[in-house]
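The values are calculated or read from the model by the stated rules, or taken from the named source; none is laboratory data. What you see is a predicted model, and the numbers here were worked out from it, not measured in a lab. For neighbour counting, all protein chains shown are included, and Cβ atoms are generated from backbone atoms with ideal geometry for every residue, glycine included. Note: accessible area is taken over every heavy atom of the protein model, side chains too, but ligands, DNA and RNA are not part of it. Shrake-Rupley method; radii C 1.70, N 1.55, O 1.52, S 1.80 Å.
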Amino acid sequence: MEEFLKVTGVGKAFGSVRALNDVNLLASKGECIAILGENGAGKTTLASVLIGLYQPDSGQILLDGVQISVTSPAAAIEYGIGMIHQHFSLVGAMTAEDNILIGLPREKRGPAARARIRQLCDDFDFTVDFNVPVANMAVGMKQRVEILKALFRDVSILILDEPTSVLAPTEVAPFLQGVRKLVATGCLVFFISHKLDEIREIADRVMIMRHGRVEGILPVASTPMAQMSALMMGQVDADQPAEKPNTNEMRLDTTRAAKALVVSDVSLTTSSGAEILKEVDLTLHAGEILGVAGIDGNGQTELSEVITGLKRQTSGTILLGGKEISGSSIAARIAEGIGFVPEDRHAEGLVLSLSVEENFAFRSIGERKFMSGGMISRRAIGKIAEDAVKAYDIRPSNPKLNASALSGGNQQKIVLAREVARARNLLVVVQPTKGLDVGATQFVQDQIRAVAQSGVGVLYISTELDHVLEISDRVAVMAFGRITGVVNPQNTTLQNIGLLMTASPEEVI
Amino acid sequence: MVDLVLLGDVLAGTARLGTPIAFAALGGVIAERSGLYNIGLEGQILAGALGAAAGSFATGSALIGLGCGVICGLLSGLFLGYMSIRLRINQLVGGIALNLLLAGLTAFLSRQIFGAQAGGARVEGFTQIRIPLLSDIPVLGPSLFSQDPLFYLLIGIAVLAWYWLMKSHKGLDLRAVGENPKAADLAGVPVFRLQYLAISISGALAALAGAHLVLSQVYVFAEGMSAGKGFIALAAIILGRWSPIGAVCAALFFGFCDAAQFKLQFSSPEVPYQLFLILPYIASLIALVILGAKASAPASVGLPYDREHR
């Protein structure tokens, strides 16, 4: 194998967190290497080291046999290393062309540059609107602008960080086509992903990372998927898939249980007259998991906000355990035992600049268990946080760290642990598995099942249909702000749910 | 014809009173476009004024005075940049600290330099330049085309700044830094170098405002002579929508209000003059309320950039 890129012994720590630990890698030109790993395995950190965003604490990087030091992203560009970030790095207020040309030397920006950008678009069959600011583009197009930016800089190494996670299903195939072309031109492509089928389709070899280490670099064609996922999850015996109990059979019949939540005739109309929710009726029994499925933006988020008090419904009533809470404040609803895992854990679920233990406590400050003599009891907070960190296996396990130092999956565990603890009657979860890998998803689902077993009603709102079907006792489908149907996941078809999800407003009436 | 004379007077006053605000506002626009607040404009005006007065006092040359003022502004800009970029100090706090520091320092130094006269020393300044032919236009001629050289410099710099910021490739990079420093960094833009450049230029432009006060208006340095112009300039930045030309126009509008209130003071001596003094501030508040709501600042202004931030 012709050796093009060589990484030896690279390590990187953030405070006490070892994000990368003795990473070694050999790669050649014209190769696509998938990087597979759970959230927080060090995939993105490794990429950030390669493009000069992070400086490694130890180790070497060699390009064509020559040691290089990538001290800045500008230096990375010099060496022909580029990266497409999961959350793009584009200037929203500027056009595609401006975004591509930023930072280039003057001689590369002349009128010839415009022609070359369009030529690249043709070569890769990219459609890009050059007249609108990037902020107004759909994600697929933004991603194409990012790729053009890298291509225009003549990258010989391109790192793609979970490139398909933001794309609509129909955009994935053309994107993979473009990547294949790039590899064919001799580019070394790293494809960070946790979607095994995509890795199968696009990659030559797969590098599996776990806890900041490389667990193995294997040829994709001859490695069974089960072995990949086993290495990723750290299971020693590759043949034994993770045991998954069929929990639905173990579940109690909850139809006779008390009603945990009754939403009747709730409508929400914005000040501009748009009807976000229309006459929504829902009943949730104690101990039941009621899934809410639907295409994103059909009122699911608003439903969760109306129930938890973030938004006030225009009409209708909400009963929690038989008690009306339609007009109650958020604090009063929390006191009634509602737990809420919001959709955006960064913006709504956590304060990233506070420590893990403070994040556990801040919704409950003032409760007696956290106070001593009128002051916040650090010891009590620390104790509760430590227990939760242990119970939920939150890593790193130091509750004094800032929440921002944790990976997405571990951050979600903090939110979940905190909200489960306060959900005495009702737990509302929105997109709880968004952006989580297989292991973390499984963990979150198991915790939610356990909460329901203990007699709490769970409203499980998600756009990931298979997760909803897997966990729910009943599934309510929303479209255009209405409940278009409530089905039993055991005896319904995907086709039926698909029809309910896309039911036009006329059909609903 | 009395009204036309009055109008001419007000216009001439607009140019004279608006020039220092415009210089400072230009400086603010360039800093904010690079993602840095320059709240220190007020103090930097004083630094420029003292530098100009001292330079001119020592050498007898207004031009050397101008140079000294600009150097003082550059240095104060670099200092503010060091606080904002390297130390990542909250930019509002850093700017306010700089204002307090420079207000005290210039007062102290002026006594050291000018001695017993305590800033009362008269220095050489610029005289008005009459542009042939144009200055003969009625009303507009005497007011706009027989101004001091710094007014013409302002117009030149404003056009230059607009071209540099909006049309040149360095300007594109600078604006990208102000919008999204990480994206700019990843595209190979030397983020910190550009920010230092911008904040230094910003200080130099604010200093030109101070130099104008000393060398073209009153020919002496006085403690606290900036008198809030640096803060009005901050409003002019918003009103001018972060465009160099827009900011200069907004600054001249404030100059106009100021000139008008002077005229009103003289024409209505029975009204307490304090009422008229309020006028420019009321106008700026009203203008901000009407126009400011729609304005959009550079997306990352005021947020320090840390490459390794997670």
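Report whether or not A:Ala347 is without any contact (Cβ under 8 Å) to a residue 12 or more places away in the chain, within 27 Å of A:Thr463 (Cβ to Cβ) and either open to solvent by less than 40 Å² (accessible area, probe 1.4 Å) or out of contact with any strand residue (DSSP E or B) (no Cβ under 7 Å at 6 or more places or on another chain) (or both).
yes
Name every residue in the range A:184-196 that is crowded, with 20+ Cβ neighbours inside 10 Å and within 25 Å of A:Met232 (Cα to Cα), in order of residue number.
Of everything in the range A:184-196, those that are crowded, with 20+ Cβ neighbours inside 10 Å and within 25 Å of A:Met232 (Cα to Cα) turn out to be A:Leu188, A:Val189, A:Phe190, A:Phe191, A:Ile192, A:Ser193, A:His194.
For the range B:98-214, please list each of the helices (runs of 4 or more DSSP H) lying entirely inside it that holds at least 1 residues being within 14 Å of chain A (Cβ to nearest Cβ), under 30 Å from A:Ile100 (Cβ atoms) and under 22 Å from the mean Cα position of the chain (by Cα).
On the way: elements: B:140-144, B:149-167, B:169-179, B:181-186, B:191-212.
Per the criteria, B:149-167, B:169-179, B:191-212.
Answer yes or no as to whether A:Ala76 is more than 10 Å from chain B (Cβ to nearest Cβ), among the small types (Gly, Ala, Ser) and crowded, with 21+ Cβ neighbours inside 10 Å.
Values: more than 10 Å from chain B (Cβ to nearest Cβ): no; among the small types (Gly, Ala, Ser): yes; crowded, with 21+ Cβ neighbours inside 10 Å: yes.
For A:Ala76, the condition - more than 10 Å from chain B (Cβ to nearest Cβ), among the small types (Gly, Ala, Ser) and crowded, with 21+ Cβ neighbours inside 10 Å - is not met.
Name the residues in the range A:447-482 that are at positive phi and open to solvent by less than 10 Å² (accessible area, probe 1.4 Å), would you?
If the condition is that a residue be at positive phi and open to solvent by less than 10 Å² (accessible area, probe 1.4 Å), then A:Gly481 is the only one that fits.
Would you be able to tell me the number of residues in the range B:216-237 that are over 12 Å from B:Arg122 (Cα atoms) and part of a loop (DSSP other than H, G, I, E, B)?
The qualifying residues number 6.
What do you reckon, is B:Ala259 part of a helix (DSSP H, G or I), over 23 Å from B:Leu63 (Cα atoms) and within 14 Å of chain A (Cβ to nearest Cβ)?
No.
Residues checked against (1) small (Gly, Ala, Ser); (2) on the phi < 0 side of the Ramachandran plot:
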residue: A:Gln313; (1), (2): no, yes
residue: A:Ala335; (1), (2): yes, yes
residue: A:Val351; (1), (2): no, yes
residue: A:Arg368; (1), (2): no, yes
residue: A:Gly374; (1), (2): yes, no
residue: A:Pro399; (1), (2): no, yes
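Within the range A:46-59, identify whether any single residue is farther than 21 Å from B:His309 by Cα and either more than 12 Å from chain B (Cβ to nearest Cβ) or at pLDDT below 90 (or both), and answer yes or no.
Checked against the condition, which is being farther than 21 Å from B:His309 by Cα and either more than 12 Å from chain B (Cβ to nearest Cβ) or at pLDDT below 90 (or both), the range A:46-59 yields at least one hit.
List every residue pair whose Cβ atoms lie under 8 Å apart, where the two residues are 6 or more positions apart in sequence or sit on different chains, the first residue falls within the range A:473-498 and is part of a helix (DSSP H, G or I), and the second residue, located anywhere, is hydroxyl-bearing (Ser, Thr, Tyr) and open to solvent by less than 70 Å² (accessible area, probe 1.4 Å).
Cβ pairs passing all conditions: A:Pro489/A:Ser472.
Residues B:Leu186, B:Leu208, B:Leu174: which one is at pLDDT 95 or above, buried (at least 23 other Cβ atoms within 10 Å of the Cβ) and over 17 Å from B:Glu32 (Cβ atoms)?
The conditions single out B:Leu208.
Which one is nearest to A:Gln119 (Cα to Cα) among residues in the range A:136-171 that are modelled with pLDDT under 90 and of a type in the set (A, V, I, L, M)?
Among them, the one singled out is A:Met141.
Would you pick out the residues in the range A:303-318 that are crowded, with 19+ Cβ neighbours inside 10 Å and touching a residue at least 40 places away in the same chain (Cβ under 8 Å)?
The answer is A:Leu303, A:Ser304, A:Val306, A:Ile307, A:Thr308, A:Gln313, A:Ile318.
Can you work out which of the residues in the range A:41-72 that are touching a Lys or Arg at 6+ places or on another chain (Cβ under 7 Å) and in contact (Cβ under 8 Å) with a residue 60 or more places away in the chain is nearest to B:Ala183 (Cα to Cα)?
Filtering the range A:41-72 down to residues touching a Lys or Arg at 6+ places or on another chain (Cβ under 7 Å) leaves A:41, A:45, A:49, A:53-54, A:56-57, A:62.
Next, only the ones that are in contact (Cβ under 8 Å) with a residue 60 or more places away in the chain stay: A:41, A:45.
Working: A:Ala41: 24, A:Thr45: 17 Å.
Result: A:Thr45.
Any chance the range B:272-284 includes a residue that's within 14 Å of chain A (Cβ to nearest Cβ), surrounded by 15 or more Cβ atoms within 10 Å (Cβ to Cβ) and among the hydrophobic types (A, V, I, L, M, F, W, C)?
No, the range B:272-284 contains no residue that is within 14 Å of chain A (Cβ to nearest Cβ), surrounded by 15 or more Cβ atoms within 10 Å (Cβ to Cβ) and among the hydrophobic types (A, V, I, L, M, F, W, C).
Can you say whether A:Ile365 is of a type in the set (Val, Ile, Thr) and buried (at least 16 other Cβ atoms within 10 Å of the Cβ), as far as the supplied structure shows?
no
If you take the residues of the range A:172-193 that are under 21 Å from A:Ile117 (Cα atoms) and out of contact with any Asp or Glu (no Cβ under 8 Å at 6 or more places or on another chain), which of them is modelled with the lowest pLDDT?
Filtering the range A:172-193 for residues that are under 21 Å from A:Ile117 (Cα atoms) and out of contact with any Asp or Glu (no Cβ under 8 Å at 6 or more places or on another chain), the one modelled with the lowest pLDDT comes out as A:Phe175.
Across the range A:50-80, what is the number of residues that are farther than 19 Å from A:Asn21 by Cβ and of a type in the set (Phe, Trp, Tyr)?
So the count comes out to 1.
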